[in-house]
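One structure is given below, encoded as structure tokens.
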Amino acid sequence: MESYVNLLQSRADGGTQPELQLTLDTARQLSLALDQHLLQTKTNILDTLRTNSETYTSSISNASRAQQTISTLLAGVDDLQDTLGSNNSETSIYQRLSAAIQREHRIQHQLDGNRAVIDALKQLSIIRNNLHSLEAWLSKEETHMEAAKLLDEMEGNQMGGVLGERIRARLVLARAVLRDEVVERVVGMIGIGIGIENGTVRINAVDPAVFDCCRVLREEAAVQSAVAEHFISEFVRPLSQSPMSIAKPTTKAVSDPPLAPEYTVPLSDNNRGNTGSSPAALCDAILGALAFISEQIPQIPLWSSSEFLSDISRIVLERFLLRCIPENQNELSAFVDDVAPVLRNFERKLWQQTMGGSSSSSGGNGDSANASKDKMPISEALDQLPQLYTDHRHSVALSKTRELAEDSRFATYWMPEHEIHNIGAQEESGGRGICVFPQCAISQSMRALVELAQELLLDASLAEGSDILVCNVMVLYRVVFTSVHAAALLRVPALGWQFYLDCLYGAHHTAIMAQKNQNQNQNQNDCWSSCISAYVHTAQAHKLKLIDQFRLGIRPVDLTSILQSSSPSKDQQPTSPHHQHVKQAQSTLLQLSHALRPPATPPYVYAEALGGCFDAVCRSSVDSIMVLEDIGVEESQLLSQYCRDVLGISNQLVLDEKATAPYRELMSRVSAGASIDGCCGMEVEEERKGVVRLRQLADILEISRADIVARHRAGILDVFSADELVHLVRALFSDTPERSRDIELLKK
């Protein structure tokens, strides 16, 4: 500080008087302030040291006293340990005290257990008495209310364990018995009977105590369900199934029992054997009976059960819709106009009672009305009536089709005249507007099938689905018929060829229906085309089967006996075996000819059938001759005559002018471009290969070897192969160099 003052002094020497004075004053003030601060700091330090010294002295004293206390405590513990002895000693005071405490705990536990047993025995005694009382009250109707109260009380206070389970089982049984008794008494209040002359609902004596008992048991739902089931099974269902007609119901009080109210539904037999009651009469009778029961016994809220009302609606719906779904468009229109409004009104009245009893009250419960509307079976069914009708029509149509296909009577329908259909000039340049099917005999089942298909196609209610349904019907008939009657169609040729005509007839009318119902739906057009092709294919395949079956039925010719016999003289009747074979073939073909002669089949089908079968006979004859290895001169003459006799059968199969005249007239009436199914022209069909082979074989058996070679080289014998001709030459002619030369020419 003094150096600082000297510094200020030295600076003041060079300055002015005022500046010097200021510097000295400042130094003095600073000096005084520093002195005061140092003095105060020293005082504080001394006070702090004094305080710390006192605190330390006090802590030392306390620690000394605590140490003395701990020493005393440790000494007491040692003394106590010496007094009690070692923990491992069985006779120590510590072990004896522990054993005494455990005995005290066991005694207390036993006392608690005994107290619980005593309480349980008291409770069991009370339950036992209550059970005896309950059984006694259950046996009497006048004490059912007391039994219900006691049962409700006992169910609230139950025991646990196995005994409790047994008691609960007895209580469940008692509740069931009491519930059944109450339900039986309530149901007994409503006497229902459906007789010949009337149906009645009688209210017997009503006991309010029964409903109080029901409320205590909380079994209102069970009672309501039982009464609903009783009403439906004894009144609604028998009344809906009764063939009687219902008159206007009446309500009156009868004297037995005294003043018992009764609701009567008079029945009459005016409508017996017909359709029963009208929808309006049955609906009014049911609504009246419900209102009568609700008025006489308001404790049974039948109207509040939507399930009960739905069951009634379903019975009415089953009676007037599901058991008599409209079969055609007229019935559907009549149902929509006459029956549907009555059913909707009946359902509306039922659900108005559920919503409050009137239409005005239902207006305030829009949400509830909408919720209930989802449960209305009648409205739901009527809204789906078009689809229901369509499904039913599908089911009935398919069932009817299967019935027609499985019919084994094979009844024949004789077409009275040719069928000529003008479907409009679809292709005017080709004249495709007219389709003709010639007069013939088809099966009644096929005729009925076509009528069914045409009816389905004209049903406007089926909309676009009619095309697919008709195709399904046609396909189902074809598949089922061929599966069920496959054996009979091959066993009886007349039936087989009738089925061939059925297939052509089905394809013909399917094509007409397809022409009339062409649309832009390619799937439906493909369905039509597939159905037509399937029928045509089935017809052609079945025709081949019939011809093969006929060929397999031809017995082979006994050529050995033919060759061994000599030719008969002019005065003798032909009795050789080959004449017997010709007669057999002739008889078989004439029988088939008689069965298929027009108008049973058109001339074309007749020619197809008889031509195919005759060709089979010719082929069999040719095959029998071609296997011979050696044929003599007389034998060749005999075999040639046999071939000509077989060929002569065809002259008896030719149709006369009278049989073909109607069909020739038909062709002259229609245009050249018309579609004539089953009669593809009246021209004489070219000879079949088997017939040609037999005719040429008859010549070969008679002509010379040189003529055989010449005809072969001219192409006249082209139905025979070179190997077959070589075989015949070797069998007919002796082995010479000329024969060998001719054989080489044939091989070339």
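Between ARG669 and GLN454, what's the calculated FRET efficiency when r is the beta-carbon distance and R0 is 30 Å? Round to 0.05. About 0.80, to the nearest 0.05. Cα centroids of segment 176-192 and segment 636-670: 90 Å apart. For the listed residue pairs LYS658/LYS689; LYS545/LYS658; LYS400/LYS516, the alpha carbons are over 27 angstrom apart in LYS658/LYS689; LYS545/LYS658. For the pair ASP699 and GLU687 in one chain, pulling the backbone fully straight at 0.36 nm per residue adds 2.7 nm over the alpha carbon distance. Spacing of the modelled spin labels on ALA710 and ASP207, each 7 Å from Cα toward Cβ, amounts to 12.6 nm. When the residues VAL633, VAL605 are ordered by accessible surface, computed with a 1.4 Å probe over the protein chains alone, the sequence from largest down reads VAL633, VAL605. ARG739 sits among other residues whose Cβ lies under 12 Å from its own Cβ, and their net charge, with Lys and Arg +1 and Asp and Glu -1, is -1.
Would you work out the relative contact order for segment 468-545, in percent, from Cα pairs under 8 angstrom that are 6 or more residues apart? After rounding, I find 40 percent.
The values are calculated or read from the model by the stated rules, or taken from the named source; none is laboratory data. Just so it is clear, the structure is predicted and the values come from calculations on it, not from any experiment. So basically every Cβ, Gly included, is an ideal-geometry build from the backbone, and we count neighbours across all protein chains shown. Only protein heavy atoms, including side chains, enter the accessible area calculation; ligands, DNA and RNA are left aside. Shrake-Rupley method; radii C 1.70, N 1.55, O 1.52, S 1.80 Å.
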